[in-house]
Every structure is written in structure tokens, then in C-alpha cells.
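In what follows, a structure is listed as C-alpha cells, so that the remarks can point back to it.
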Amino acid sequence: MRSFTVISGLVLLVLSAACTSNVDDITSPAVPGLMEKGNGFDSTTDECRANMTYIASQAVIFFACNGRYPDDLEEMGMAGVVCPACMEEYDIIGIDDYFYIECPLPFSPDHGNIDDGVASWLE
Ligand SMILES: [Zn+2]
């Protein structure tokens, strides 16, 4: 159950609906207000992290529906979701019951990662 650490609350809210609804319904923009608390970073950092949190929640939903994590964004129907700073798609590793997503920003400090459901910026 380690994958259900940080984002389980969010996922539980949408899980039952997502498994039965059209994929298009759950690929809308990042969850509004998710990363609103101030943390000293600029808005693209907040937006990027909200994107990654949203992608991670969708990945957990994908896992619940398919018994494994997705190989890439496209498999979740989320192709084209990019970091707002570098405009590149997120790096994703999905292996059976392990999932990792990282901001592709090519310079430091990047926007962090979500390692098996745990966001690096929350540690
Ligand atoms: Zn980013």
C-alpha cells in the first residue's frame, strides 16, 4: 500500500467516478487550488508540481483500474501535459507496482519529482 501515501485522499475523491467515466473527463487541466499554499517558489513551480501531483493521482487511478502503472503519459490519455517552465513532457517510470514522475526541467533547481507517491517537495 506504499503507493497510496500522499495522494490517497485526492485519489479516493475521484477514483470511483474515474474508473467508469470517459477518459476525456479526467484529462482536464490540473486540479485547481491544489498547490496554493505559498512556498517561496514562482508560479511555474507551483503549476508544475500541481501537474505532477495530478499526473500521479491519475497514475494511481490507472493502477486501480489496470493492476499496473502506465508506461507513459499517452497511456493515461494525458499526452501533451508539459512543465510550464521548459514545455517538455514529464519523465515517467512505471514498473508494475512502482511509479516515478519527474519534472524535465534541464537546469537546477528543477521542480522535483514524485517517487512512488511521495512528492520530493513535501519531505
Ligand atoms: Zn517543471
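All of the numbers you see were taken from the coordinates with simple rules; none came from a lab. Please read these numbers as outputs of a predicted model, since none were measured by experiment. Note that we place each Cβ from the backbone using ideal geometry, even for glycine, and neighbour counts take in every protein chain shown.
Sequence-ordered 3J(HN,Hα) estimates for region 68-73 from the Karplus curve with 6.51, -1.76 and 1.60 and θ = phi - 60° stand at 7, 8, x, 7, 7, 4 Hz, glycine and proline given as x. Computed from the C-beta positions of Ala64 and Asp42 and an R0 of 41 Å, the FRET efficiency is 0.75 to the nearest 0.05.
Computed with the Debye formula from one identical point scatterer per Cα of region 64-110, without solvent, the log10 of I(q)/I(0) at q = 0.22, 0.32, 0.33, 0.34 Å⁻¹ comes to -0.78, -1.18, -1.21, -1.25.
Of the chymotrypsin sites (Phe, Trp or Tyr not before Pro) found in region 86-123, those in coil by DSSP whose Cβ has at most 15 other Cβ atoms within 10 Å are Phe107.
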